[in-house]
1. For K80, go through the aspartates and glutamates and keep the ones whose alpha-carbon is under 15 Å away, minus same-chain ones fewer than eight residues off.
2. At 0.36 nm per residue, minus the direct Cα-Cα distance, what do R286 and S42 gain on full extension? Give it in nm, one decimal, please.
3. Label points 7 Å out from Cα along the Cβ direction at E49 and S128: separation in nm?
4. Name all residues of the stretch 224-262 having a backbone nitrogen under 19 Å from the label point set 7 Å from the Cα of Q3 along its Cα→Cβ direction, giving them as ranges.
5. Spelling out what I want: for every residue of the stretch 281-290, take phi, set θ = phi - 60°, compute 6.51 cos²θ - 1.76 cosθ + 1.60 (Karplus), and round to whole Hz; glycine and proline get x.
6. At 7 Å along Cα-to-Cβ for each site, give me the label-to-label distance between S300 and K195 in nm.
7. Got a sec to turn the phi values of the stretch 173-180 into Karplus ³J(HN,Hα) couplings, 6.51 cos²θ - 1.76 cosθ + 1.60 with θ = phi - 60°, whole Hz, x for Gly and Pro?
8. Over the chain, give the accessible area per residue in Å² for a 1.4 Å probe, as an integer.
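The values are calculated or read from the model by the stated rules, or taken from the named source; none is laboratory data. Everything numeric in this text was worked out from a predicted model, so none of it was measured. Because the Cβ atoms are built from the backbone with ideal geometry, glycine has one as well, and the counts that use them run over all protein chains shown. Quick note on the areas: whole protein, heavy atoms, side chains included, nothing else; ligands and nucleic acids left out. Shrake-Rupley method; radii C 1.70, N 1.55, O 1.52, S 1.80 Å.
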Amino acid sequence: MSQLIDSFNRQHNYLRISVTDRCNLRCVYCQPADGIELRQRSEILTFDEIERVAKLFAEIGVNKIRITGGEPLVRKDLPKLIQRLAIIPGIRILGMTTNGVLLKSFAHQLKQSGLTNLNVSLDSLRSSRFELISGRQYFKDVLDGIYASLDAGFQPLKLNVVVMGGINDDELLDFVEFVRDKPINVRFIEYMPFKFNQWNQAKFVSFQQMVETISGRFEMQRIKSIDENSVAKEYRITGVMGTISFITSMSDHFCGTCNRIRLTADGSIKSCLFHPAEINLRSALRDNTSDEIITGMIHSAIIAKPFGHPAAEELVAIENRSMIQIGG
Ligand code: SAM
(Lines give C-alpha, C1' and ligand atoms only; values in the text may rest on other atoms or scores of the structure.)
Protein backbone atom coordinates (compact mmCIF):
# COMPACT_ATOMS: atom_id res chain seq x y z
CA MET A 1 0.00 0.00 0.00
CA SER A 2 1.47 3.40 -0.91
CA GLN A 3 2.71 5.76 1.79
CA LEU A 4 1.03 9.04 2.69
CA ILE A 5 2.98 11.48 0.55
CA ASP A 6 1.45 14.81 -0.46
CA SER A 7 1.96 16.91 -3.59
CA PHE A 8 4.95 18.64 -1.94
CA ASN A 9 6.67 15.33 -1.25
CA ARG A 10 6.04 15.48 2.50
CA GLN A 11 5.61 12.05 4.07
CA HIS A 12 2.97 11.81 6.81
CA ASN A 13 3.65 9.48 9.72
CA TYR A 14 1.89 11.33 12.54
CA LEU A 15 -1.87 11.05 13.16
CA ARG A 16 -3.62 13.17 15.77
CA ILE A 17 -6.96 11.69 16.82
CA SER A 18 -9.55 13.77 18.64
CA VAL A 19 -11.81 11.52 20.69
CA THR A 20 -14.38 14.11 21.81
CA ASP A 21 -15.43 17.71 21.22
CA ARG A 22 -16.35 18.11 24.91
CA CYS A 23 -14.09 19.74 27.47
CA ASN A 24 -14.18 20.41 31.20
CA LEU A 25 -12.36 23.75 30.76
CA ARG A 26 -13.29 26.88 28.79
CA CYS A 27 -9.89 28.26 27.80
CA VAL A 28 -10.27 31.67 26.19
CA TYR A 29 -7.83 30.95 23.34
CA CYS A 30 -9.26 27.55 22.44
CA GLN A 31 -13.01 27.92 22.12
CA PRO A 32 -15.26 30.84 21.18
CA ALA A 33 -16.77 32.76 24.11
CA ASP A 34 -20.26 31.67 22.99
CA GLY A 35 -19.21 28.02 23.09
CA ILE A 36 -19.51 25.57 20.22
CA GLU A 37 -22.31 23.48 18.88
CA LEU A 38 -21.56 20.05 20.30
CA ARG A 39 -21.98 17.04 18.06
CA GLN A 40 -24.63 14.45 18.89
CA ARG A 41 -23.15 11.36 20.52
CA SER A 42 -24.14 9.33 17.48
CA GLU A 43 -21.94 11.58 15.32
CA ILE A 44 -18.82 10.83 17.35
CA LEU A 45 -16.71 7.90 16.15
CA THR A 46 -16.92 4.76 18.29
CA PHE A 47 -13.79 3.02 19.60
CA ASP A 48 -14.24 0.32 16.92
CA GLU A 49 -14.29 2.98 14.20
CA ILE A 50 -11.29 4.85 15.61
CA GLU A 51 -9.31 1.62 15.86
CA ARG A 52 -10.16 0.66 12.29
CA VAL A 53 -9.05 4.05 10.93
CA ALA A 54 -5.86 3.96 13.03
CA LYS A 55 -5.01 0.51 11.62
CA LEU A 56 -5.52 1.76 8.07
CA PHE A 57 -3.23 4.71 8.78
CA ALA A 58 -0.60 2.40 10.28
CA GLU A 59 -0.66 0.31 7.09
CA ILE A 60 0.29 3.39 5.05
CA GLY A 61 3.16 4.55 7.22
CA VAL A 62 1.78 6.22 10.34
CA ASN A 63 3.92 5.22 13.34
CA LYS A 64 2.96 7.92 15.80
CA ILE A 65 -0.50 8.68 17.18
CA ARG A 66 -1.54 11.42 19.60
CA ILE A 67 -4.91 11.38 21.35
CA THR A 68 -6.46 14.78 21.91
CA GLY A 69 -9.83 16.52 22.12
CA GLY A 70 -11.83 18.46 23.48
CA GLU A 71 -10.54 16.89 26.64
CA PRO A 72 -9.70 13.24 25.95
CA LEU A 73 -10.12 12.13 29.55
CA VAL A 74 -13.81 13.08 29.60
CA ARG A 75 -14.41 10.32 27.02
CA LYS A 76 -15.72 7.27 28.87
CA ASP A 77 -13.33 4.30 29.14
CA LEU A 78 -10.47 6.09 27.36
CA PRO A 79 -7.80 3.68 28.73
CA LYS A 80 -9.59 0.88 26.84
CA LEU A 81 -9.04 2.76 23.57
CA ILE A 82 -5.40 3.33 24.51
CA GLN A 83 -4.97 -0.43 25.03
CA ARG A 84 -6.39 -1.11 21.58
CA LEU A 85 -4.29 1.50 19.77
CA ALA A 86 -1.07 0.61 21.62
CA ILE A 87 -0.96 -2.85 20.08
CA ILE A 88 -1.52 -1.84 16.47
CA PRO A 89 1.46 -3.13 14.48
CA GLY A 90 3.73 -0.26 13.44
CA ILE A 91 2.65 2.24 16.10
CA ARG A 92 5.82 3.16 18.01
CA ILE A 93 4.66 6.26 19.85
CA LEU A 94 1.23 6.71 21.40
CA GLY A 95 0.86 10.09 23.08
CA MET A 96 -1.91 12.14 24.58
CA THR A 97 -2.47 15.86 25.20
CA THR A 98 -4.69 16.58 28.19
CA ASN A 99 -5.58 19.52 30.40
CA GLY A 100 -4.71 17.30 33.35
CA VAL A 101 -7.88 17.95 35.37
CA LEU A 102 -8.67 14.21 35.63
CA LEU A 103 -5.12 12.90 35.39
CA LYS A 104 -4.60 12.13 39.05
CA SER A 105 -6.92 9.15 38.86
CA PHE A 106 -5.91 8.09 35.32
CA ALA A 107 -2.12 8.51 35.09
CA HIS A 108 -1.07 5.02 36.24
CA GLN A 109 -3.83 3.30 34.29
CA LEU A 110 -2.84 5.17 31.11
CA LYS A 111 0.77 4.10 31.53
CA GLN A 112 -0.29 0.48 32.04
CA SER A 113 -2.54 0.68 28.99
CA GLY A 114 0.43 1.48 26.76
CA LEU A 115 0.46 5.27 26.51
CA THR A 116 4.08 6.28 25.88
CA ASN A 117 4.07 10.10 25.85
CA LEU A 118 2.07 12.64 27.81
CA ASN A 119 1.62 16.40 27.37
CA VAL A 120 -0.26 18.37 30.01
CA SER A 121 -1.54 21.87 29.24
CA LEU A 122 -1.08 24.43 32.00
CA ASP A 123 -1.02 28.14 31.21
CA SER A 124 -0.43 29.61 34.64
CA LEU A 125 1.17 28.67 37.93
CA ARG A 126 -1.21 30.99 39.78
CA SER A 127 -4.55 29.61 40.83
CA SER A 128 -6.58 32.79 40.27
CA ARG A 129 -5.06 33.35 36.85
CA PHE A 130 -5.62 29.72 35.89
CA GLU A 131 -9.30 30.30 36.60
CA LEU A 132 -9.33 33.51 34.56
CA ILE A 133 -7.87 31.74 31.53
CA SER A 134 -9.71 28.43 31.81
CA GLY A 135 -12.96 29.55 33.41
CA ARG A 136 -12.73 26.80 36.03
CA GLN A 137 -11.16 26.32 39.47
CA TYR A 138 -9.20 23.16 38.76
CA PHE A 139 -5.67 24.46 39.28
CA LYS A 140 -4.86 22.08 42.14
CA ASP A 141 -6.31 19.11 40.26
CA VAL A 142 -3.97 19.80 37.33
CA LEU A 143 -0.95 20.09 39.63
CA ASP A 144 -1.91 16.80 41.30
CA GLY A 145 -2.29 15.28 37.83
CA ILE A 146 1.22 16.43 36.88
CA TYR A 147 2.75 14.86 39.99
CA ALA A 148 0.77 11.64 39.48
CA SER A 149 2.02 11.45 35.87
CA LEU A 150 5.65 11.85 36.92
CA ASP A 151 5.08 9.17 39.52
CA ALA A 152 3.55 6.88 36.90
CA GLY A 153 6.75 7.16 34.86
CA PHE A 154 5.83 9.70 32.17
CA GLN A 155 9.30 11.23 32.10
CA PRO A 156 10.09 13.62 30.64
CA LEU A 157 6.59 14.94 30.94
CA LYS A 158 5.75 17.79 28.59
CA LEU A 159 3.94 20.89 29.80
CA ASN A 160 2.16 22.99 27.15
CA VAL A 161 1.94 26.72 27.93
CA VAL A 162 0.20 29.04 25.47
CA VAL A 163 1.94 32.38 25.99
CA MET A 164 -0.34 35.41 25.77
CA GLY A 165 0.78 39.05 26.04
CA GLY A 166 -0.67 40.83 29.07
CA ILE A 167 -2.18 37.58 30.35
CA ASN A 168 0.58 35.14 31.34
CA ASP A 169 3.76 36.34 29.61
CA ASP A 170 5.09 37.52 32.96
CA GLU A 171 5.32 33.87 34.08
CA LEU A 172 8.01 32.61 31.70
CA LEU A 173 10.68 32.72 34.41
CA ASP A 174 8.32 31.13 36.96
CA PHE A 175 7.83 28.15 34.65
CA VAL A 176 11.60 27.72 34.34
CA GLU A 177 11.85 27.81 38.15
CA PHE A 178 9.01 25.29 38.37
CA VAL A 179 11.04 22.68 36.47
CA ARG A 180 14.34 23.42 38.24
CA ASP A 181 14.07 20.09 40.07
CA LYS A 182 11.63 18.21 37.82
CA PRO A 183 12.05 16.05 34.69
CA ILE A 184 9.64 18.22 32.74
CA ASN A 185 9.96 19.82 29.31
CA VAL A 186 8.05 23.12 29.28
CA ARG A 187 6.81 23.98 25.80
CA PHE A 188 6.07 27.66 25.35
CA ILE A 189 3.57 27.83 22.48
CA GLU A 190 3.00 30.90 20.35
CA TYR A 191 -0.64 31.97 20.51
CA MET A 192 -2.30 30.90 17.25
CA PRO A 193 -5.19 32.89 15.75
CA PHE A 194 -8.57 31.30 15.04
CA LYS A 195 -11.87 33.01 14.36
CA PHE A 196 -13.46 34.14 17.67
CA ASN A 197 -10.52 33.00 19.85
CA GLN A 198 -9.68 36.51 21.12
CA TRP A 199 -6.33 36.60 19.34
CA ASN A 200 -4.90 39.98 18.46
CA GLN A 201 -1.44 41.26 17.64
CA ALA A 202 -0.96 42.78 21.12
CA LYS A 203 -1.49 39.38 22.72
CA PHE A 204 1.00 37.69 20.42
CA VAL A 205 4.37 36.99 22.04
CA SER A 206 6.99 35.73 19.60
CA PHE A 207 9.69 33.14 20.13
CA GLN A 208 12.30 35.94 19.93
CA GLN A 209 10.60 37.92 22.69
CA MET A 210 10.36 34.85 24.92
CA VAL A 211 14.03 33.99 24.42
CA GLU A 212 15.00 37.56 25.25
CA THR A 213 13.12 37.41 28.54
CA ILE A 214 14.44 34.02 29.59
CA SER A 215 18.04 34.57 28.51
CA GLY A 216 18.06 37.78 30.58
CA ARG A 217 17.96 35.59 33.69
CA PHE A 218 19.13 32.10 32.67
CA GLU A 219 21.91 30.65 30.57
CA MET A 220 20.24 28.81 27.68
CA GLN A 221 21.84 26.24 25.42
CA ARG A 222 20.10 24.94 22.27
CA ILE A 223 19.90 21.14 22.19
CA LYS A 224 18.74 18.60 19.65
CA SER A 225 15.38 17.11 20.52
CA ILE A 226 15.33 13.35 21.17
CA ASP A 227 12.23 13.21 18.97
CA GLU A 228 13.53 13.27 15.37
CA ASN A 229 10.26 14.76 14.04
CA SER A 230 9.96 17.37 16.76
CA VAL A 231 8.85 20.83 15.66
CA ALA A 232 10.03 22.36 18.94
CA LYS A 233 13.17 24.42 19.42
CA GLU A 234 14.56 22.91 22.60
CA TYR A 235 16.96 24.36 25.18
CA ARG A 236 18.78 23.22 28.30
CA ILE A 237 19.06 25.77 31.10
CA THR A 238 22.18 25.78 33.24
CA GLY A 239 21.40 24.47 36.74
CA VAL A 240 17.88 23.33 35.81
CA MET A 241 16.80 19.69 35.58
CA GLY A 242 13.90 20.33 33.19
CA THR A 243 14.25 21.70 29.68
CA ILE A 244 12.30 24.32 27.75
CA SER A 245 11.08 24.42 24.17
CA PHE A 246 9.33 26.84 21.90
CA ILE A 247 6.63 26.01 19.39
CA THR A 248 6.98 28.74 16.80
CA SER A 249 3.96 28.00 14.60
CA MET A 250 3.51 31.69 13.76
CA SER A 251 6.96 33.36 13.78
CA ASP A 252 8.88 30.49 12.20
CA HIS A 253 6.40 27.91 10.94
CA PHE A 254 7.34 24.35 10.06
CA CYS A 255 4.87 23.74 7.21
CA GLY A 256 7.72 22.67 4.91
CA THR A 257 8.32 19.54 6.98
CA CYS A 258 4.76 18.97 8.20
CA ASN A 259 4.15 15.26 8.77
CA ARG A 260 0.77 15.57 10.53
CA ILE A 261 -2.74 14.64 9.67
CA ARG A 262 -5.79 14.89 11.90
CA LEU A 263 -8.92 12.85 12.54
CA THR A 264 -11.67 14.85 14.24
CA ALA A 265 -13.99 13.32 16.83
CA ASP A 266 -16.82 13.26 14.27
CA GLY A 267 -14.73 11.44 11.71
CA SER A 268 -13.29 14.11 9.43
CA ILE A 269 -9.79 14.00 8.05
CA LYS A 270 -8.11 17.38 8.22
CA SER A 271 -4.80 17.64 6.44
CA CYS A 272 -3.92 21.10 7.80
CA LEU A 273 -4.81 22.67 11.15
CA PHE A 274 -5.53 26.02 9.54
CA HIS A 275 -7.21 24.91 6.35
CA PRO A 276 -10.98 24.37 6.42
CA ALA A 277 -10.94 21.50 3.89
CA GLU A 278 -11.91 18.12 5.28
CA ILE A 279 -13.11 14.72 4.15
CA ASN A 280 -15.59 12.95 6.39
CA LEU A 281 -15.07 9.21 6.77
CA ARG A 282 -17.95 8.52 9.15
CA SER A 283 -20.62 7.56 6.63
CA ALA A 284 -18.15 5.36 4.78
CA LEU A 285 -17.17 3.68 8.05
CA ARG A 286 -20.84 2.95 8.78
CA ASP A 287 -21.71 1.89 5.29
CA ASN A 288 -19.82 -1.33 4.68
CA THR A 289 -17.27 0.60 2.62
CA SER A 290 -14.12 -1.40 1.98
CA ASP A 291 -10.78 -0.64 3.64
CA GLU A 292 -9.38 0.06 0.20
CA ILE A 293 -11.88 2.82 -0.51
CA ILE A 294 -11.44 4.40 2.92
CA THR A 295 -7.69 4.39 2.46
CA GLY A 296 -8.27 6.06 -0.92
CA MET A 297 -10.28 8.80 0.83
CA ILE A 298 -7.38 9.34 3.26
CA HIS A 299 -5.00 9.64 0.32
CA SER A 300 -7.22 12.20 -1.40
CA ALA A 301 -7.19 14.35 1.76
CA ILE A 302 -3.40 14.29 1.70
CA ILE A 303 -3.18 15.10 -1.99
CA ALA A 304 -5.31 18.23 -1.39
CA LYS A 305 -3.11 19.41 1.49
CA PRO A 306 -1.96 23.01 0.98
CA PHE A 307 1.72 23.85 1.29
CA GLY A 308 1.37 26.23 4.21
CA HIS A 309 -0.96 28.43 6.17
CA PRO A 310 -1.73 32.12 5.53
CA ALA A 311 -0.54 34.97 7.75
CA ALA A 312 -2.04 35.54 11.20
CA GLU A 313 -4.18 38.48 10.09
CA GLU A 314 -5.92 36.24 7.56
CA LEU A 315 -6.28 33.30 9.94
CA VAL A 316 -8.43 35.28 12.39
CA ALA A 317 -11.03 35.67 9.65
CA ILE A 318 -10.94 32.22 8.03
CA GLU A 319 -13.99 29.99 8.49
CA ASN A 320 -12.55 26.95 10.21
CA ARG A 321 -13.32 24.74 13.16
CA SER A 322 -12.09 26.13 16.48
CA MET A 323 -9.20 24.39 18.24
CA ILE A 324 -11.51 22.54 20.62
CA GLN A 325 -13.26 20.99 17.60
CA ILE A 326 -10.04 20.07 15.82
CA GLY A 327 -7.91 18.85 18.66
CA GLY A 328 -4.80 20.99 18.33
N1 SAM B 1 -7.98 19.49 26.24
C2 SAM B 1 -6.65 19.07 25.95
C3 SAM B 1 -5.64 20.07 26.45
O4 SAM B 1 -6.04 21.11 26.96
O5 SAM B 1 -4.46 19.78 26.37
C6 SAM B 1 -6.39 18.71 24.51
C7 SAM B 1 -6.96 19.61 23.44
S8 SAM B 1 -6.19 21.19 23.29
C9 SAM B 1 -7.06 21.84 21.90
C10 SAM B 1 -4.60 20.79 22.67
C11 SAM B 1 -3.54 21.87 22.80
O12 SAM B 1 -3.84 22.95 21.95
C13 SAM B 1 -3.39 22.44 24.20
O14 SAM B 1 -2.07 22.36 24.64
C15 SAM B 1 -3.78 23.88 24.01
O16 SAM B 1 -3.09 24.73 24.88
C17 SAM B 1 -3.41 24.13 22.56
N18 SAM B 1 -4.10 25.27 21.97
C19 SAM B 1 -5.44 25.46 21.89
N20 SAM B 1 -5.71 26.64 21.29
C21 SAM B 1 -4.53 27.21 20.97
C22 SAM B 1 -4.13 28.43 20.34
N23 SAM B 1 -5.03 29.30 19.91
N24 SAM B 1 -2.81 28.67 20.19
C25 SAM B 1 -1.88 27.78 20.61
N26 SAM B 1 -2.19 26.62 21.21
C27 SAM B 1 -3.48 26.33 21.40
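1. Result set, ordered by chain and number: D48, E49, E51.
2. Working: separation 244, 0.36 × 244 = 87.84 nm, distance 1.13 nm.
86.7 nm is the gain from fully extending R286 to S42.
3. For E49 paired with S128, the spin-label model returns 4.5 nm.
4. Once the point is set 7 Å along Cα→Cβ of Q3, 227-231, 255-262 turn out to lie under 19 Å by backbone N, inside the stretch 224-262.
5. 9, 4, 4, 4, 5, 9, 10, 6, 6, 6
6. 2.4 nm
7. 5, 4, 5, 5, 4, 4, 9, 3
8. Working: 14330 Å² over 328 residues.
Dividing the accessible area of the chain by its residue count gives 44 Å².
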